[in-house]
């Protein structure tokens, strides 16, 4: 038992690429939120009479800090439509349907064992057709 290796997690190339794109989108969203929070700070500091801040009762810098933290997360929530969560759901539904199509394909039927194809992984179809050519 001590000599056994840990099981590898199998992730398809398409899923790895999609994760990289989503991470880039999330970083862009955080960057845009930060820029808009800085613009809000500049606007409140230089261009607007700070009556709003006085009405809110900001008498310490800690209150202002929490105001800008709240503003940052407000922008993050406002920009959540940038992250295509529906893309993930759609891709999973497509992989699920393609797995059924593979199991229904009569050309994959094994006449000797009288068995059809059994799909045990929805990521199987992403790896089909990807040929690695060794040019040695």
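The values are calculated or read from the model by the stated rules, or taken from the named source; none is laboratory data. No experiment lies behind these values; they were computed from the predicted model shown. All Cβ positions, even for glycine, are placed from backbone atoms using ideal geometry, and neighbour counts span all protein chains on display.
Yes or no: region 91-111 includes at least one residue that is under 15 Å from the mean Cα position of the chain (by Cα) and either outside the structural domain of residue 42 (by TED's automatic domain parsing) or exposed (fewer than 12 other Cβ atoms within 10 Å of the Cβ) (or both).
Scanning region 91-111, I find at least one residue that is under 15 Å from the mean Cα position of the chain (by Cα) and either outside the structural domain of residue 42 (by TED's automatic domain parsing) or exposed (fewer than 12 other Cβ atoms within 10 Å of the Cβ) (or both), so the answer is yes.
Taking the residues in region 55-86 that are modelled with pLDDT under 75 and part of a helix (DSSP H, G or I) as candidates, determine which candidate is surrounded by the most Cβ atoms within 10 Å (Cβ to Cβ).
Applying the filter and picking the extreme gives 56.
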